[in-house]
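A.B. asks: First the structure, then my questions, so here it is.
The values are calculated or read from the model by the stated rules, or taken from the named source; none is laboratory data. In this text the structure is predicted, and so the values were computed from the model without any measurement. So basically every Cβ, Gly included, is an ideal-geometry build from the backbone, and we count neighbours across all protein chains shown. All accessible areas refer to the heavy atoms of the entire protein, side chains included, with ligands and DNA or RNA removed. Shrake-Rupley method; radii C 1.70, N 1.55, O 1.52, S 1.80 Å.
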Amino acid sequence: MEAGGLADSLLSGACVLFTLGMFSTGLSDLKHMRMTRSVDSVQFLPFLTTDVNNLSWLSYGALKGNWTLIIVNAVGAVLQTLYILVYLHYCHRKAKVIRTKSTQRLSFSLTIATLLTSASWTLYGFRLRDPYIVVPNLPGILTSFIRFWLFWKYPQERDRNYQLLQT
């Protein structure tokens, strides 16, 4: 295998691995919702936007015949749809969301996964010289750095009950 082919294969594998890792961060929210039978500390919007994103990228992958895009986004769409269905099952009209200077509702693991995923897809897009892969992933890198800044500025307070659910 030539050097470019090997690099492309390794980068494609990294994209798939990081993306599936990012999608799996919702499993802790899924477990939390099932154990508490509520959605109190879980946000709906990331599930919805990621599902729509997966379906869009799945369509693009199908148009290009790119199996890396097809496989990873098909798995992502199934997982995000599952998260949405569980959320809707346990949603009892969330009470007011109070704006605080707290990152307790932000997922640090999702932030890391988003940075790794967006960066690997951006590199993959550069390797393919495909701006349709590069451009949509740049905001993921930017927003990850913004969230890292928020975690630094407003450190998370540990919720002992939620932490026990994750073990």
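A.B. asks: Please sort by residue number the trypsin sites (Lys or Arg not before Pro) in segment 16-102 whose DSSP state is loop and whose Cβ has at most 14 other Cβ atoms within 10 Å. Each step should come with its number before you reach the end.
C.D. replies: Values: sites: Lys31, Arg34, Arg37, Lys64, Arg93, Lys94, Lys96, Arg99, Lys101; in loops: Arg37, Arg93, Lys94, Lys96, Arg99, Lys101.
Answer by residue number: Arg37, Arg93, Lys94, Lys96, Arg99, Lys101.
A.B. asks: Now, a different point. Return the Rg/Rh ratio of the chain with Cα-based radii and a Kirkwood Rh. Spell out each step's value before the answer.
C.D. replies: Values: Rg = 17.3 Å, Rh = 17.2 Å.
Taking Rg over the Kirkwood Rh, I get 1.01.
A.B. asks: Post the alpha-carbon centroid distance, segment 112-151 to segment 1-51, in whole angstrom.
C.D. replies: Computed from Cα coordinates, the inter-centre distance equals 14 Å.
A.B. asks: Calculate what fraction, in whole %, of the accessible area of segment 36-129 sits on carbon and sulfur atoms when a 1.4 Å probe is rolled over the protein chains.
C.D. replies: Numbers: 3850 of 5970 Å².
Here carbon and sulfur together make up 65 percent of the probe-accessible area.
A.B. asks: Taking R0 as 30 Å, what FRET efficiency do you get between Ile84 and Phe126 from their Cβ-Cβ distance, rounded to the nearest 0.05?
C.D. replies: Details: r = 32 Å, r/R0 = 1.07.
For Ile84 and Phe126, the calculated efficiency is 0.40.
A.B. asks: With springs connecting C-alpha atoms under 10 Å apart, model the chain as a Gaussian network and identify which of Thr49, Thr111, Thr81 has the largest mean-square fluctuation.
C.D. replies: Fluctuation is largest for Thr49.
A.B. asks: For Leu10 and Leu142, FRET efficiency with R0 = 35 Å and r from the beta-carbon atoms, rounded to 0.05?
C.D. replies: Working: r = 25 Å, r/R0 = 0.72.
That pair, Leu142 with Leu10, gives E of 0.90.
A.B. asks: Less than 30 Å apart at the alpha-carbon level, and either on another chain or at least 8 residues along: which lysines does that give for Lys101?
C.D. replies: Result set, ordered by chain and number: Lys31, Lys153.
A.B. asks: For the chain, what is the accessible area per residue in Å², given a 1.4 Å probe and the full set of protein chains?
C.D. replies: Numbers: 10850 Å² over 167 residues.
For the chain, the solvent-accessible area averages 65 Å² per residue.
A.B. asks: Using a Gaussian network model on the chain with a 10 Å cutoff between Cα atoms, which of Leu11, Leu115, Leu128 fluctuates the most?
C.D. replies: Greatest mean-square fluctuation among the candidates belongs to Leu128.
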